[in-house]
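The values are calculated or read from the model by the stated rules, or taken from the named source; none is laboratory data. Since this is a predicted model, take the numbers as computed values, not measurements. Here the Cβ positions follow ideal geometry from the backbone for every residue, glycine too, while neighbour counts run over all protein chains shown.
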Amino acid sequence: MRAAVSVAVEIELNGARVPIDLDEQALCAIASALPCTSEREPWPQWMSAETAAAYLDCSVERLRKLVARRQIPFVQEGRGCRLEFSRDDLDEWMRSRRVEACG
């Protein structure tokens with residue numbers, strides 16, 4: 001048997017504190033009004049090192065080491081200039097590193 005879900009909150013309305021109890025139906029209505037997490041802004045096509053590291057779920061230091069070893073695709077106008085990474089290139093690079101499971 002599932003336990004009933006409810007939340008008690010207190011808001012301030014025109015200077016008076018008002019208690020509000022939200023039952024499961026009210027919580028579902030609030031949840032359905034919120035944007036789905038998959039509707040978030042997509043990752044940009046071109047990313048900085050910091051954004052690309054977050055996209056790859058690694059540290060910026062690791063990403064810079066991969067760049068120094070020329071092991072990851074990147075774009076740079078000239079030596080010492082800002083690094084840029086294409087989302088498509090990063091996706092392709094990740095796919096190329098895929099290891100099939102033994103079965």
Boolean, P73 is in contact with a helix residue (DSSP H, G or I) (Cβ under 6 Å, 6 or more places away or on another chain) and without any contact (Cβ under 8 Å) to a residue 60 or more places away in the chain: yes
Residues of segment 35-67 that turn out to be at pLDDT below 95 and assigned to a helix (DSSP H, G or I), as a count: 3
Qualifying residue in segment 17-32 (condition: loosely packed, with under 13 Cβ neighbours inside 10 Å, in a loop (DSSP other than H, G, I, E, B) and either more than 28 Å from the chain's Cα centre (by Cα) or not charged (D, E, K, R) (or both)): no
